[in-house]
Amino acid sequence: MNNGRTIIEIRGLRKVYHVGEVEVLALRGIDLDVQTGEFVSIVGPSGSGKSTLFHIIGGLTPPTSGRVRVSDRELGEMSEADRTRLRKQTVAFVFQKFNLLPNLTARDNIAVARYLAGKEQKPDAQFEEALKLLGIAERLDHKPSALSGGEQQRVAIARAIVNHPAILLADEPTGNLDTENSKAVLSLIRDLNARLGQTILMITHNPEAAAYGHRTLHMRDGQIEKIV
Amino acid sequence: MTAKLVLENVKHRPVRTLLSTLLIAVPVTLILTLVGLTHGMLEDSEQRARGIGADIWIKPPGTSFATTLSGAPISEGLVEYLQKNELHIKLAIGSVVQVVEGITIVVTGVDLDKFSQMSGGLQYVAGGPPRAANDIIIDQYYAAQKKLRVGSTVVLFKKPWHVSGVFTGGKLSRIILPIRILQDLTSSPGKVSQIFLKLDDAKYTDAVVADLKMKLPDYPIYPMSELTSLYTASNFAGLNEFITVIVGLGVVIGFFVVCLSMYMAVLQRTREIGILKSLGASNGFIVRIILAEGLLLGVGGTIIGIGLSFGSWWLIRTLVPASIQMVIVPAWWPIAGAITLVGAGFGALYPGLNAARHDPIEALAYE
């Protein structure tokens, strides 16, 4: 599903990290447009800048130079508080290591995301439908330690979409899963995109996983090598 | 949700939580025990002074009601003079005081017949007043502490004494001897340590005190009706300052315990802080949950500290009931709690700010 409206617009994006006295050039001039409702896979070797690109789009770190517009907002001009608001309302992450809060049940992990977004009332019908899609309704009262990897990742996806973010950034969501669970999670992500029109960017090392997206970005040495 | 997050964090590491609250409880117990001892000792002294049944108390020049004096600098002639010449004095008796253990256990020498007239007499739980020259009477607290009973032998002034009676206490002192015997033992024949006056009517107390102050200007003279206001910590040199030091220590210990505990907790939860930040948690929210957890530990420490102060009270009452007295002072529970929470709050602030400053990307990469 692609409605033709640009939700992410990146021009000449550069990111320099300082590791001690050494400058690391993580992104060397990225240009990218992503349309609302698009599912984009990003592949590339380690150190190619995939995660850095995600961290910038998700407002976890500011760009060094260049222009990044997310949902009509210029990230380069944002304060830390603005970027925090972006993570609350516009962008959500799904991580390779699930990153659930270990002390809380699956239900509370999802509730925390709603609470932080200032939405304390119960999730809406659309989310309930997504929960059915995720197949974890029976496992919501368990803590992460009592859930399998596949179940934890589904909870992480539920937590990511509970506030209906404009963009879902999935950083190697199948990296810690076996083949069966990987397929299930990828199918879910594709369904979320197809049924709910969720804009998704997904980092993966796996070409089969990348094939689930509408198009695939190949990154190398901080640049986009090609788009297929 | 904040409360749930904080509670789950506290429950997630029960040993850390228990150790932290126990450490926070130590200064709470310390403060409550000290305050309980201060109140207990003052109340006990006041009760024993009041139990004498006098209306006026005269101490030697250069002393005060709070001085536990060994020695007898007042001439017994003054007792006789007051009895014979002063208006409204029904009974004047002198007593000799001699410290025998620490600063709290004293022997008082008194004319037991006159003392009975003034106080209504001692209530004996066993035995009776001294009859022989080596007889001594003790109160039930001293008897319990030293495991003595009627017929036991107790060594005082380097000689053995036969316990002839055990009385209920609350009057004069823990150990009582006939005045002549104590005067001989302390080489102070014809001398007394203090004088108690019983008036024919208590309504003349102020007038008699005023008259005596004119005639005996160097002597501290106290109406017994003022004892309650006299027996306060502020009237005992250095006691308030001592309490302040202990309270200060309580704040400092609470601060360091919570600071260390929460600092460790923040280190252990670096990744979780990164997760919260990735979900859109603000720096203020991160500080708030760390602060709330520190304060929760403070509340737990206060409750345990109050419980442990009952343990102190029981131990003191069981082991040394005659030497020191402690009471439970509930009015100080909220004060001790507030002191602890101040320490805990400040202790959690630095780890909280430190957690808020975590870079979310580094925090998420933390193993």
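The values are calculated or read from the model by the stated rules, or taken from the named source; none is laboratory data. Since we're looking at a predicted model, the values are computed, not measured. Reconstructed Cβ throughout: ideal geometry from the backbone, glycine too, with neighbour counts over all protein chains shown. Remember, those area values only see protein heavy atoms, side chains included, never the ligands or the DNA or RNA. Shrake-Rupley method; radii C 1.70, N 1.55, O 1.52, S 1.80 Å.
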Next on the checklist: Could you give each residue of the range B:323-336 its phi-based ³J(HN,Hα) in whole Hz, using Karplus coefficients 6.51, -1.76, 1.60 with θ = phi - 60°, and x for Gly or Pro?
Outcome noted: 6, 9, 10, 10, 10, 7, 10, x, 4, 8, 4, x, 5, 4
Next on the checklist: Straight-line reach from B:Lys11: which lysines fall under 20 Å, measuring Cα to Cα and dropping same-chain residues less than 8 apart?
Outcome noted: A:Lys143
Checklist outcome for this item: The ratio Rg/Rh over the Cα atoms of the range B:203-299, Rh being the Kirkwood inverse mean 1/r radius, stands at 1.49
Checklist outcome for this item: Applied in sequence order to the range B:347-359, the curve 6.51 cos²θ - 1.76 cosθ + 1.60 (Karplus, θ = phi - 60°) yields integer Hz couplings, x standing for Gly and Pro, of x, 7, 5, 5, x, x, 5, 4, 5, 5, 7, 4, 6
Checklist entry - Counting GluC sites (Glu not before Pro) as exposed when in a DSSP loop with at most 11 other beta carbons within 10 Å, what is the longest stretch of chain A free of them? => result A:121-228
Next on the checklist: In Å², and per residue, what accessible area does the range B:51-229 have when probed at 1.4 Å with the other protein chains present?
Outcome noted: 45 Å²
Checklist outcome for this item: 1/(1 + (r/R0)^6) with r = Cβ-Cβ of B:Ala202 and B:Val299, R0 = 51 Å, i.e. FRET efficiency to nearest 0.05, evaluates to 0.55
Next on the checklist: So for each of B:134-140, B:72-78 I average, over its residues, the number of other beta carbons within 10 Å; can you give me the resulting order with the highest mean first?
Outcome noted: B:134-140, B:72-78
Checklist entry - Taking Cα pairs under 8 Å and at least six residues apart, what relative contact order does the range A:95-228 come out at, in percent? => result 25 percent
Item to check | For A:Ile42, residues with placed amide H under 5 Å, excluding near neighbours | outcome: A:Met202, A:Ile203, A:Thr204, A:Leu217
Checklist entry - Want the number for B:Tyr350 to B:Leu7: 0.36 nm per residue separation, take away the alpha-carbon distance, what's left? => result 121.5 nm
Checklist entry - In the protein assembly as shown, what percentage of the DSSP-assigned beta bridges are antiparallel, given to the nearest 5? => result 65 percent
Checklist entry - Label points 7 Å out from Cα along the Cβ direction at A:Glu208 and A:Asp178: separation in nm? => result 1.4 nm
Next on the checklist: Can you compute the modelled spin-label distance between B:Lys84 and A:Asp31, with each label point 7 Å from Cα toward Cβ, in nm?
Outcome noted: 12.5 nm
Checklist entry - If you count, for every residue in A:92-100, the Cβ atoms of partner chains within 10 Å of its Cβ, what is the mean? => result 3
Item to check | Under 5 Å, built H, 5+ apart or other chain: amide partners of B:Ala126 | outcome: B:Val166
Checklist entry - For chain B, the longest stretch holding no trypsin sites (Lys or Arg not before Pro) located in a DSSP loop with at most 12 other Cβ atoms within 10 Å is which? => result B:159-356
Checklist entry - How would A:His55, A:His142 rank on accessible area, largest to smallest, probe 1.4 Å? => result A:His142, A:His55
Checklist entry - Per 20 Å bin, what percent of the C-alpha pairs of the protein assembly as shown does each bin hold, from zero upward? => result 17, 31, 17, 15, 16, 4, 0
Next on the checklist: Quick check: residue separation of A:Glu21 and A:Ser148 times 0.36 nm, minus the Cα distance between them. What number comes out in nm?
Outcome noted: 41.5 nm
Checklist entry - In sequence order, what are the phi-derived ³J(HN,Hα) couplings for the range A:219-226 according to the Karplus relation 6.51 cos²θ - 1.76 cosθ + 1.60 with θ = phi - 60°, rounded to whole Hz, with x for glycine and proline? => result 10, 7, 6, x, 9, 7, 7, 7
Checklist entry - Using Cα pairs under 8 angstrom and six or more residues apart, how large is the relative contact order of chain A, in percent? => result 30 percent
Checklist entry - Other chains near B:39-49: what is the mean number of their Cβ atoms within 10 Å of each residue's Cβ? => result 0
Item to check | Share, in percent, of DSSP beta bridges within the range B:51-229 that are antiparallel, nearest 5 | outcome: 75 percent
Checklist entry - Whole number please: convex hull volume per residue of the Cα set in chain B, in Å³? => result 168 Å³
Checklist outcome for this item: For the B:Val125, B:Arg16 Cβ pair and Förster radius 60 Å, calculated FRET efficiency rounded to 0.05 is 0.75
Next on the checklist: As a test of the definition: with a 1.4 Å probe, what buried accessible area, both sides summed, do you compute for B against A, in Å² to the nearest 100?
Outcome noted: 2300 Å²
Item to check | Residue-averaged beta-carbon neighbours from other chains (10 angstrom radius) around B:269-275 | outcome: 4
Checklist entry - Hey, with R₀ at 45 Å, roughly what FRET efficiency would B:Asn134 and B:Val342 work out to, going by the Cβ-Cβ distance, to 0.05? => result 0.20
Checklist outcome for this item: Pseudo-spin-label distance B:Leu267 to A:Ser79, built 7 Å along Cα→Cβ, given in nm, is 3.3 nm
Item to check | Calculated log₁₀ intensity ratio I(q)/I(0) where the Debye formula runs over C-alpha points of the range B:51-229, q = 0.11, 0.17, 0.18 Å⁻¹ | outcome: -0.46, -1.07, -1.18
Item to check | Mean separation of Cα contacts under 8 Å, 6 or more apart, over the residue count of chain B: relative contact order % | outcome: 29 percent
